[in-house]
């Protein structure tokens, strides 16, 4: 295992296991403890990354050979070993091979599917953006095969929206869209709305009383503002896909929170994404437009409807204070349902 030709040996075994009639070679390899050796290679810190990637590719060939092989890998503590390897690696080849292997192990392997799913959720806490991207992409594929979503997925998924890497944000938002019909929908929607108005230690709403008026100020870190912008974007995409989701978001007070995000002069993208989301709600529910017009005033509302993506340039200090302190309540029709008149 520690010889300088380990990679060459693994490639040679791979040639045998990739032949069209490889059953005999595969049986001998498994009977001689091949899976355990490959997993042992992944566990050693002294073995080169290139050799670990080759070991992962061999395990992938074994996994693709059928359900019994998948179960053998999983029952040999393979999921934990592969997840740890993915968590620690700094090489693209190893990341991609580990992600492909976890995806393969989840296919046609109902006995261990839940274990793989929860391991991927746990991997979302990894600090490496490149690992996060692979994990989210693999998790999307696995999630689509499941009939339900685990509640533990929501918090780390929403935290992914803080990423400064667009690839990670893209995968996270796509996974959020995939979850819109799952049983975590309510928690996910309320979480997204809450992110529009951060109240963590990093971002706090502060009141400064002056002689003239009550001043509102937003303070915070870049990741929190990035998360605020990504939440607004996700809300818009969800609302555009489904009118019923629109109504659920309205019942959560999304309008008030979007107006608040539009007042964040510290982060332009948060203002733009919130404006685009609010524009969709206003065009879908004219009654909401009436309320937003009362908050902004007629002239600024006209400018907003003309170019929502450029409205942030109209937000001066005074308007920002108005948006930050707005008290837009949930808007309901006389019958108690959201009005779409």
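Between residue 122 and residue 222, what is the FRET efficiency for a Förster distance of 30 Å, r being their Cβ-Cβ separation, to the nearest 0.05?
0.70
The label point for residue 187 and the one for residue 240, both projected 7 Å from the Cα toward the Cβ, are 2.8 nm apart.
In terms of its Cα atoms, the chain spans 81, 41, 30 Å along the principal axes, sorted from long to short. Secondary-structure-derived ellipticity at 222 nm for the chain, considering helices only, amounts to -20000 deg cm²/dmol, per-run term -39500 (n - 2.57) for DSSP H runs with n ≥ 4.
The simple spin-label model puts a point 7 Å past each Cα toward its Cβ; for residue 306 and residue 12 those points are separated by 7.6 nm.
This ranking places 67, 181 by how few other beta-carbon atoms lie within 10 Å of each, fewest first, which gives 181, 67. For residue 46 and residue 194, a Förster radius of 45 Å and the Cβ-Cβ distance give a FRET efficiency of 0.45, rounded to the nearest 0.05. Rounded to the nearest 0.05, the FRET efficiency derived from the C-beta distance between residue 5 and residue 159 at R0 = 30 Å is 0.10. The alpha carbon gyration tensor of region 1-146 gives principal lengths a ≥ b ≥ c with a/c of 1.5 or higher and a/b no greater than b/c, which makes the shape oblate. Taking other Cβ atoms within 10 Å as a rough exposure proxy, 77, 170 sort from fewest to most as 77, 170.
Of interest is the spacing of the C-alpha centroids, which for region 60-129 and region 284-307 amounts to 50 Å.
Values quoted throughout were computed directly from the atomic coordinates according to the rules given, and no laboratory measurement underlies them. Since the structure is predicted, the reported quantities are computational estimates derived from the model, not experimental observations. Methodologically, a virtual Cβ is constructed for each residue, glycine included, from the backbone with ideal geometry; neighbour enumeration extends over all protein chains shown.
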